[in-house]
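K.L.:
Please find one structure pasted underneath; my questions will follow.
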Ligand SMILES: [Zn+2]
């Protein structure tokens with residue numbers, strides 16, 4: 001097995017991608033840049049699969065086919081960081097680390113060693129629009145499965161501030177939840193607010209609906225199941241003095257079990273029918289429910305995951321820990337289903353070096369305007385003031401009765417070294433020392449809390 005290596009220009013590539021973010025299906029510049037870089041590295045690049053998606057194939061030998069998926073898209077967030085490589089695009093930024101994943105995907109070239117020594121057949125799948133859960137589906141519709149050999153293993157990773165730098169984390173079996181996105185729309189003639197009795201009030205309808213949707217998990221889902229029903233967006237554009245003529249309510253559902261998912265969808269349908277026909281709010285057929293996207297849960301093939309975790313610890317100066325499944329989601333699950341390939345998805349810690357595993361305050365996390373440096377602009381407080389869990393809930397760690405109580409995070413918001421993150425993703429250059437064995441044991445889960453495997457995989461071959 002050859003050593004990993006890192007080209008000196010890789011951090012600059014990441015910073016360049018971070019400066020110029022693009023939203024889903026608009027990632028033309030990013031796709032072009034990566035296509036040029038990968039072509040120079042010897043990959044055969046095919047662009048335009050699923051809109052802005054691309055695949056890059058390196059086929060130097062008879063080894064197994066290893067596919068690595070990374071995402072191209074950024075988020076509609078306004079940057080709030082003083083990083084020298086901050087987004088230069090107003091209202092758009094790589095707050096989810098997809099630029100980091102793409103930079104690391106390029107590092108797939110290094111998995112086989114320096115040029116001329118690669119032993120594997122490596123495929124990079126760079127997909128658009130992961131944030132909307134639609135990019136992987138679009139690539140599949142556009143012939144991705146027929147365009148490349150079937151991967152013997154499909155790998156994907158996501159940066160996470162819930163683990164410190166130097167820690168990788170994954171789950172054998174079910175790793176991430178399924179996600180459904182629905183939109184309720186309603187229309188009415190509108191009218192003047194001075195005559196409320198002259199027609200239905202769509203804002204009141206949306207407010208009542210939102211309240212009742214938030215009772216679905218608490219009242220209809222068995223308490224031993226895990227699920228989330230949230231209303232991330234509600235729009236009812238109007239003018240002062242006018243009742244809104246239209247409203248839309250976005251609903252997002254996260255589940256692990258299909259029976260729970262079906263139960264929630266049924267319940268939402270009944271609540272919507274009840275609210276749409278409530279006295280004074282009868283809209284009839286002007287209320288519609290659309291199912292915008294459906295992403296299955298992410299399943300890690302246990303024996304492949306265990307091998308990979310062991311390999312990470314052997315080849316890199318990191319720890320690879322076992323963590324419970326998360327209610328996040330990722331449409332890489334559609335790729336794994338389409339290829340019918342064993343798959344592994346893991347998290348790469350970007351939290352403060354030496355920190356603990358577990359949720360952190362929004363100001364410290366991904367999906368925030370200060371990612372990835374954690375360094376806000378001077379107008380922001382220098383420390384995180386949000387309530388944070390200092391570690392996993394106490395049932396998962398013997399360390400911390402104090403972990404039961406959220407307290408001020410107080411984390412320094414100084415820069416996490418982006419250069420170091422990049423190095424961790426694809427090199428064995430000198431890094432921080434591994435967390436101690438003691439730390440790893442503290443975070444080990446007791447057997448009864450180990451995640452369930454929904455689709456048992458074959459046992460590990462010799
Ligand atoms: Zn993401």
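K.L.:
Grab the Cα-Cα distance for residue 29 and residue 192, subtract it from 0.36 nm times how many residues apart they are, and report the gain in nm with one decimal.
P.N.:
That works out to 54.0 nm of additional length.
K.L.:
So if each residue of separation counts as 0.36 nm, and I subtract the Cα-Cα distance between residue 262 and residue 141, what length gain in nm does that give?
P.N.:
41.0 nm
K.L.:
Now for a separate question. Let me check against my output: what whole-number percent is the relative contact order of region 179-295, with C-alpha pairs under 8 Å and at least 6 apart?
P.N.:
Here the relative contact order equals 44 percent.
K.L.:
I need the calculated FRET efficiency for the pair residue 291 and residue 150, taking r as the beta carbon distance and R₀ as 30 Å, to the nearest 0.05.
P.N.:
0.55
K.L.:
At q = 0.09, 0.16, 0.21 Å⁻¹, what is the log10 ratio I(q)/I(0) for region 179-295, with the Debye formula run over Cα points and no solvent?
P.N.:
For the requested q values the scattering log ratios are -0.26, -0.73, -1.10.
K.L.:
With label points built 7 Å along Cα→Cβ from the Cα atoms of residue 210 and residue 338, find their separation and express it in nm.
P.N.:
3.5 nm
K.L.:
Something else: By per-residue mean of other Cβ atoms within 10 Å, what is the highest-first order of 327-337, 27-37, 120-130?
P.N.:
120-130, 327-337, 27-37
K.L.:
Peptides 162-168, 147-153, 255-261: what's the order by average Cβ count within 10 Å, highest mean first?
P.N.:
In descending order of packing, they fall as 162-168, 255-261, 147-153.
K.L.:
So, one more: Using the beta-carbon distance between residue 219 and residue 277 and R0 = 22 Å, what value does 1/(1 + (r/R0)^6) give for FRET efficiency, to the nearest 0.05?
P.N.:
Efficiency computed from Cβ-Cβ geometry: 0.60.
K.L.:
So how far apart, in nm, are the two label points at residue 313 and residue 88 if each is 7 Å from Cα heading toward Cβ?
P.N.:
4.4 nm
FYI, it's all coordinate maths here, none of it is from the lab. For clarity, every value in this text was computed on a predicted model and none was experimentally measured. A quick note on method: Cβ atoms are made from the backbone with ideal geometry, for glycine too, and the neighbour counts reach across all protein chains shown.
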